[in-house]
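Notes follow the structure.
The values are calculated or read from the model by the stated rules, or taken from the named source; none is laboratory data. Fair warning: this is a prediction, and the values are worked out from it, not measured in the lab. Here the Cβ is made from the backbone with ideal geometry for all residues, glycine too, and neighbour counts use every protein chain on show. The protein model used for the area step is the full one, side chains on, heavy atoms only, and it has no ligands, DNA or RNA in it. Shrake-Rupley method; radii C 1.70, N 1.55, O 1.52, S 1.80 Å.
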Amino acid sequence: MNKELLSAIEYLSKEKGVSVDVICDSLEAVLITAYKKEFDANPNAVVRLDRTTGDYSIVAPKKVVDVVENGETEISLEEAKKIDSAYEADDEIMVDVTPSNFGRIAAQAAKQVMIQRLREAERNIIYDEFYNRTDDIITGIIRRVEQKNVYIDLGKAEAVLPQAEQIATEEYAVGERIKCYVVEVRKTTKGAQILLSRTHPGLLKRLFELEVPEIYDGVVELQSVAREPGRRSKIAVYSRDPNVDCVGACVGPKGARVQNIVMELQNEKIDIVKWDEDPAVYIANALSPSQVISVTVDESKKTSAVVVPDYQLSLAIGKAGQNARLAAKLTNWNIDIKSESQAEEEGFEGAAETAAAEDLADTDDMMNELAVPAAEDPAEPVNGEE
């Protein structure tokens, strides 16, 4: 029994995180590579490795003949009968051809093959591990910033946060811990290439799943996310349980839950609105924190006309159209916003009065009390425009 070999295999398995079977397969490849470096090596030789005892041998098939013409592929009937008297001419016999002592060149070649096989096995394990984490959040430490790309240490591998996936308002300091969204994992000759993002809407979704137990448990569903990274985001949530307030659950006690997410995203404003199966109500909610008088929808064209009070028009549209733009992304509807006086001048009739006004007012009160961060201008709602 080769205890030293078994101990070495077990040590490599623990050290490299590679299975014993992979190491044994690599060892068999190493042994056959080393054997074929010998000048009289049989090209058809194979390795037999007993994974229980650690004993190994190199055997090659030879044909039993009366007169040997090629010693590498043939064996005499007389020699064959010494091994087993049952052998006859034209039989094939597996003969032990293990060299008594491998040469220096063979040993060096074997070492290189073993190193290569183990590295390849490690790369495959790392790839599989991180590939399974695609579309999930991962935490790492910033190691360096090169050519505007941020390289993040994930422990077993290094990932890259490209400039296109970075939030323009963020600064990345070496040694800082950071949460990112795993966009893609590619298999390359140098190992797994892991691409991260800080701008992907999925990052916001996963952060809420981490912070809000009701979302993780499935009681509250996050229906839609619209995001302008580093500036403002909107999420639409819905509660399966009528006794659970979906907006309040996401905001958390004294705004603690949403505060943690805002801090992680470097003070990105977050509007939490209630999803509704009625498009008119949903659109009215999505335009929060603006109040809405009426919403008329055309489901065939996926368009809607919204009437808001005159003094709320700028709030509904938002700075550079941000609020209206995010509401359109969130609901996937085209939204045309008019003030009350504009609607009257154009003869617009807001026939579809919605119950959203009261619901929105209640939501606004809650957000004004709980949502963070506070607006720079005290006169503005906390999740309103700057």
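Quick notes on this one:
- Residue within segment 238-249 that is out of contact with any His (no Cβ under 8 Å at 6 or more places or on another chain) and within 22 Å of residue 138 (Cα to Cα) present: no
- Qualifying residues in segment 31-60 (those that are open to solvent by 40 Å² or more (accessible area, probe 1.4 Å) and hydrophobic (A, V, I, L, M, F, W, C)) - the one modelled with the highest pLDDT: 46
- Only residues that are outside any loop (DSSP other than H, G, I, E, B) and acidic (Asp, Glu) were counted in segment 134-191, giving 5.
- Check on residue 266, touching a Gly at 6+ places or on another chain (Cβ under 9 Å), open to solvent by 50 Å² or more (accessible area, probe 1.4 Å) and either assigned to a loop (DSSP other than H, G, I, E, B) or at pLDDT 90 or above (or both): yes
- Selection within segment 117-142 - within 16 Å of residue 191 (Cβ to Cβ) and over 14 Å from the mean Cα position of the chain (by Cα): 117, 118, 119, 120, 121, 122, 123, 124, 125
- Which numbered condition residue 235 fails, given (1) surrounded by 19 or more Cβ atoms within 10 Å (Cβ to Cβ); (2) part of a helix (DSSP H, G or I): (2)
- Filter result for residue 141 (open to solvent by less than 80 Å² (accessible area, probe 1.4 Å), free of Cβ contacts under 8 Å to residues at least 40 places away in the same chain and closer than 30 Å to residue 38 by Cβ): no
- Here residue 351 clears all of (1) modelled with pLDDT under 90; (2) surrounded by 21 or more Cβ atoms within 10 Å (Cβ to Cβ); (3) part of a loop (DSSP other than H, G, I, E, B) except the condition numbered (2).
- Residues being in contact with a Ser or Thr (Cβ under 9 Å, 6 or more places away or on another chain) and assigned to a loop (DSSP other than H, G, I, E, B) - total across segment 2-42: 4
- When segment 289-314 is filtered for residues that are under 16 Å from residue 272 (Cα atoms) and either among the charged types (D, E, K, R) or open to solvent by 10 Å² or more (accessible area, probe 1.4 Å) (or both), the ones remaining, listed by number, are 289, 291.
- Screening segment 71-90 for residues that are acidic (Asp, Glu) and not in a helix (DSSP H, G or I) and picking the one that is least open to solvent (accessible area, probe 1.4 Å) gives 74.
- Contact annotation: residue pairs with Cβ atoms under 8 Å, 6 or more positions apart or on different chains, pairing a residue in segment 323-348 that is within 18 Å of residue 297 (Cβ to Cβ) and assigned to a helix (DSSP H, G or I) with a partner that is polar (S, T, N, Q) and at pLDDT 90 or above, are 328/334; 330/224; 331/224.
- Residues (hydrophobic (A, V, I, L, M, F, W, C) and open to solvent by 70 Å² or more (accessible area, probe 1.4 Å)) located in segment 61-70: 67
The rows are residues; the columns are (1) buried (at least 17 other Cβ atoms within 10 Å of the Cβ); (2) modelled with pLDDT of 95 or more.
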residue	(1), (2)
163	no, no
171	no, no
174	no, no
181	yes, yes
187	no, no
192	yes, no
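- Selected residue (criterion: farthest from residue 289 (Cα to Cα)) from residues of segment 304-322 that are part of a strand (DSSP E or B) and among the aliphatic types (A, V, I, L, M): 305
- Residue pairs meeting the criteria (Cβ under 7 Å; at least 6 apart or on separate chains; first farther than 15 Å from residue 328 by Cα and of a type in the set (S, T, N, Q), in segment 256-285; second open to solvent by less than 10 Å² (accessible area, probe 1.4 Å) and modelled with pLDDT under 95): 266/167
- Segment 29-41 residues that are free of Cβ contacts under 8 Å to residues at least 60 places away in the same chain, paired with ones that are buried (at least 16 other Cβ atoms within 10 Å of the Cβ) and of a type outside the set (Asp, Glu) (beta carbon under 6 Å, 6 or more apart): 32/47; 41/35
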